[in-house]
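Report on the structure given below.
The values are calculated or read from the model by the stated rules, or taken from the named source; none is laboratory data. Because the structure is predicted, anything quoted here is derived from the model rather than measured. Here Cβ is always computed from backbone atoms with ideal geometry, including for glycine, and neighbour counts include all displayed protein chains.
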Amino acid sequence: MDWTCILAPLSGGGADPRTLAVARALAEPFSATVSAAYTSTPASELITWVNEAGVSTTALAIGELEQATRVGEANARTALARLDYRYKSFDNVTGDDWLGLRIASRLADVVVWPPRAARSRGFFSHAFQQVLIDEQRPALIADHVPPPDAPAAIAWDGGREAARAVRRAMPWLRRSRQVTVLTVP
């Protein structure tokens, strides 16, 4: 069993190149595809927030958000183009309540997240929770490229989710020089 798709959620911000570098490090030993998924908050999600200010203010705010989304997508595309890796793809998965990103995660072997997302900070904090918990997708939380044989730790409670996580992580665990199983009595 090898990995074939490593998902890298991108926001069009400064963390994107690091996220892509980590995704590449995971993908390279398996010749897997780095799937870059650009996502932003749809302007429609903010309509109720700005609607009370009036129609012209609402239209202006939505226009600015749409422009920021276009710039973010262009930045994400540029970051992926600069990634020196043969197998890569790009998709804009912007959707209400992270739906596009959640769907894309279902097709990935692992999703790479910046550490801020796992600490409930930053743009992807809510998306991280939905993809990890609701979609039950495996996650690698890192802001630097791990060595191919880096030690790994497994949180084990004997449950279905733990077994599923170990099974999905097995391609990476086989390459680790040391695997530590963490348990709670």
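Taking each residue of the range 2-31 that is at negative phi and looking for partners that are crowded, with 18+ Cβ neighbours inside 10 Å and of a type in the set (Asp, Glu) with beta-carbon atoms closer than 7 Å, six or more apart or interchain, yields Trp3/Asp109; Thr4/Asp109; Cys5/Asp109; Ile6/Asp109; Leu10/Asp16. Among the residues of the range 79-91, those identified as more than 11 Å from Ser35 (Cα to Cα) and not aromatic (Phe, Trp, Tyr) are Ala79, Ala81, Arg82, Leu83, Asp84, Arg86. Of all residues in the range 127-164 being among the small types (Gly, Ala, Ser) and either touching an Asp or Glu at 6+ places or on another chain (Cβ under 9 Å) or within 20 Å of Pro185 (Cβ to Cβ) (or both), which is surrounded by the most Cβ atoms within 10 Å (Cβ to Cβ)? Ranking the qualifying residues of the range 127-164, first place goes to Ala162. Scanning the range 45-101 for residues that are among the hydrophobic types (A, V, I, L, M, F, W, C), outside any helix (DSSP H, G or I) and modelled with pLDDT of 95 or more turns up Leu83, Phe90. The residues of the range 119-167 that are touching a Phe, Trp or Tyr at 6+ places or on another chain (Cβ under 6 Å) and either part of a strand (DSSP E or B) or over 18 Å from Ile6 (Cα atoms) (or both), listed by number, are Ala139, Ile141, Ala162.
Just one of the listed residues (Arg116, Arg168) is closer than 23 Å to Val34 by Cα, in contact with a Pro (Cβ under 6 Å, 6 or more places away or on another chain) and surrounded by 13 or more Cβ atoms within 10 Å (Cβ to Cβ), namely Arg168.
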